[in-house]
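The values are calculated or read from the model by the stated rules, or taken from the named source; none is laboratory data. Here the structure is a predicted model, which means the values were calculated and not measured. Every residue, glycine among them, receives a Cβ derived from its backbone with ideal geometry; neighbour counts consider all protein chains shown. The area values use the complete protein model at the heavy-atom level, side chains included, leaving out ligands, DNA and RNA. Shrake-Rupley method; radii C 1.70, N 1.55, O 1.52, S 1.80 Å.
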Amino acid sequence: MPTEEPELETVHLLRAAAVELGLHSARFASRNGMHPTDVRALIVLMDARRAGEETTAGRLGAALGLNSAGTTALVDRLERAGHVRRVRGAGDRRTVVIEVDERAVALGQAFFGPLIGQVVELLQGYDERERAAIRGFLEGVRRAAAAAD
């Protein structure tokens, strides 16, 4: 059997890691009575919060590729479950933004925390130059995937 090019081996490993991460996320969703899109929505909202950004329903829907009706159903479902709340925007009180409830953050931390800890531990085995290369590679993959048609 021919030896695979190192670049393709890396691509296949990345794909395998993406599959495993997706399965892990699906287990979280299943154990908590959630749809996989609910989990993706919570990730989008937590990433926005970490960046200090407010997220409207429109912005959330765009990030997830949902139409208006699908986004409303998603936010309603997450709100009923106590995972998010609708609040007035800080800069513009006319704007309604979606915020993650601390209970959802705690639920996610309890499940994903051990995996995150293992990944952080792996990264600590690399020097700063290597970590910068890893970040650059992953950001490039993210951009390429976002631009893919």
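Brief remarks on what is shown
- Over segment 1-147, the fraction of Cα-Cα pairs per 10 Å bin, rounded to whole percents and listed from the shortest bin up, is 9, 32, 34, 18, 5, 1, 0.
- Volume in Å³ per residue [convex hull over Cα atoms, computed for segment 65-110]: 99 Å³
- Within the accessible area of segment 7-67 (1.4 Å probe), percent carbon and sulfur: 60 percent
- q = 0.18, 0.27, 0.28 Å⁻¹: log10 I(q)/I(0) that the Debye formula gives for segment 19-66, counting C-alpha atoms only: -0.59, -0.98, -1.00
- Loop-located chymotrypsin sites (Phe, Trp or Tyr not before Pro) in segment 90-146 (DSSP state other than H, G, I, E, B) with a sparse environment of at most 16 neighbouring Cβ atoms within 10 Å: TYR126.
- The tail of the calculated P(r) for segment 89-149, taken as Cα-Cα distances beyond 19 Å, holds 63 percent of the pairs.
- Ratio of Rg to Rh over segment 25-103 (Cα coordinates, Kirkwood Rh, two decimals): 0.95
- Using Cβ point charges alone (K and R +1, D and E -1), the dipole size of the chain about the Cα centre works out to roughly 860 debye.
- The residue list VAL39, PRO114, GLY70 was ranked by how far each Cα lies along the charge dipole of the chain toward its positive end, using unit charges on Cβ atoms, and GLY70 comes out on top.
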